[in-house]
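Here is the structure we will look at, set down as structure tokens.
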Amino acid sequence: MAETPRSAQLPAKTPAGGAPAIKLENITKTYDLGEVQVHALRGISLEIYPGEFVAIMGASGSGKSTLMNILGCLDKPTRGTYFLDGQDVSGLSKKELAGVRSHKIGFVFQQFNLLSRTSALENVELPTIYAGVRLQERERRARAALARVGLAERALHFPSQLSGGQQQRVAIARALVNDPAILLADEPTGNLDSRTSVEIMDIFQKLNRDQGLTVAIVTHEPDIAQYAKRALEFRDGKMRLDVAIQNRLIAEQVLPTLPALDEDGIEVVAGSPPDLASGPQGS
Ligand code: ADP
Ligand code: MG
């Protein structure tokens with residue numbers, strides 16, 4: 001991706017030691033299917049602070065998406081309290097939640113969920129309409145968000161004219177456009193090849209490092225979780241593990257070691273002859 005211009009970089013939203021961006025107290029979620037009740041979350045307590053980068057892991061069915069949907073105000077817990085950016089949102093109606101979501105949450109999906117007959121720019125603008133941003137301001141914000149993910153040059157492309165990785169970057173720009181308190185992503189690399197997955201982790205790491213964005217992603221791939229700062233593991237609706245990532249990977253350093261792909265997704269072999277690469281290092 002293109003480097004984020006210095007001028008576009010923002011300070012962290014809250015200094016270290018501030019209030020949590022997210023605080024969950026004993027959250028449960030039970031899906032009532034009539035005959036059976038599915039206990040998808042069984043008492044989750046958790047705090048995520050501004051500037052954190054959290055990977056949520058666990059087997060299929062362990063409750064990761066249920067948690068993300070609650071964090072993202074797409075669904076409500078059965079019991080428990082959820083503070084988002086200091087506000088208790090547990091008792092809000094669906095309509096109120098939608099308002100909170102549009103101002104405080106950026107959500108990225110595994111399937112990108114872009115509108116196909118709509119340009120990258122218009123896709124990114126959409127949440128600004130729901131948030132009531134003035135007409136003149138919308139395009140400016142959408143272009144700035146595309147620039148943050150290195151896609152300023154692709155504003156007028158349609159999703160079908162973009163690679164999977166570029167489509168996911170448009171989806172990340174769309175998630176950023178209302179300047180959320182936290183960026184949530186449910187399996188954001190689940191549909192991408194391994195190199196493109198690292199490119200997406202590079203974007204998340206740079207947003208987190210350079211702009212202080214708080215990030216939480218779901219992944220079931222341990223090597224993707226290595227790019228986060230903290231890992232949570234879910235099993236059967238409970239949080240079993242909460243650890244700091246050791247030997248964290250930095251995508252910017254990993255990318256040059258991976259084979260590049262051409263436009264058809266075929267590996268490109270680097271050009272320098274072996275005798276030059278292995279020869280003595282003169283200057
Ligand atoms: P994960 O994302 O970790 O794979 P989910 O949060 O999607 O897990 O699911 C947790 C449990 O809740 C699973 O047993 C799943 O079948 C169940 N579940 C998820 N969504 C619903 C729903 N809308 N209705 C009923 N059961 C659901
Ligand atoms: Mg899931």
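Here, each number is a calculation from the coordinates, and none is a lab measurement. If you're wondering where the values come from, they're calculated on a predicted model, not measured in any experiment. Note: ideal-geometry Cβ built from the backbone for every residue, glycine included; neighbour counts use all protein chains shown.
When Leu67, Leu146 are arranged by Cβ crowding within 10 Å, least crowded first, meaning fewest neighbours, the order is Leu146, Leu67.
Please work out the C-alpha center-to-center distance from the range 48-72 to the range 139-171 and express it in whole Å. If we compute the Cα centre of each part, the gap is 25 Å.
Counted over all Cα-Cα pairs of the chain, pairs farther apart than 24 Å make up 53 percent. Legend: residue pairs Lys94/Lys229; Lys94/Lys206; Lys64/Lys229; Lys76/Lys104; Lys206/Lys238, Cα-Cα distance threshold 25 Å; pairs beyond threshold, Lys94/Lys229; Lys94/Lys206; Lys206/Lys238.
Quick one: order Ser102, Ser45 by neighbouring beta-carbon count within 10 Å, fewest to most. Working shown, then result.
Working: Ser102 17, Ser45 12.
The fewest-first ordering by Cβ neighbours comes to Ser45, Ser102.
Fewest first, what order do Arg235, Arg101 take by the number of other Cβ atoms within 10 Å? Kindly include the intermediate steps, with their values, before the conclusion.
Values: Arg235 14, Arg101 21.
Fewest-to-most Cβ neighbours within 10 Å comes out as Arg235, Arg101.
Farthest towards the positive end of the charge dipole of the chain, among the residues Gln166, Gly61, Leu213, is the Cα of Leu213, using unit charges on the Cβ of Lys, Arg, Asp and Glu.
To the nearest 500 deg cm²/dmol, what mean residue ellipticity at 222 nm is calculated for the chain from DSSP H runs of n ≥ 4 alone, each contributing -39,500 (n - 2.57), summed and divided by the residues?
-9000 deg cm²/dmol
Under 5 Å from the amide H of Ile44 lie the amide H atoms of Asn26, Ile27, Thr28, each residue being 5 or more positions distant or on a separate chain, with H modelled from the backbone and absent for Pro and chain starts. The H on the amide N of Tyr49, modeled in the peptide plane, is under 5 Å from the matching H of Ala21, each at least 5 residues off or on a different chain.
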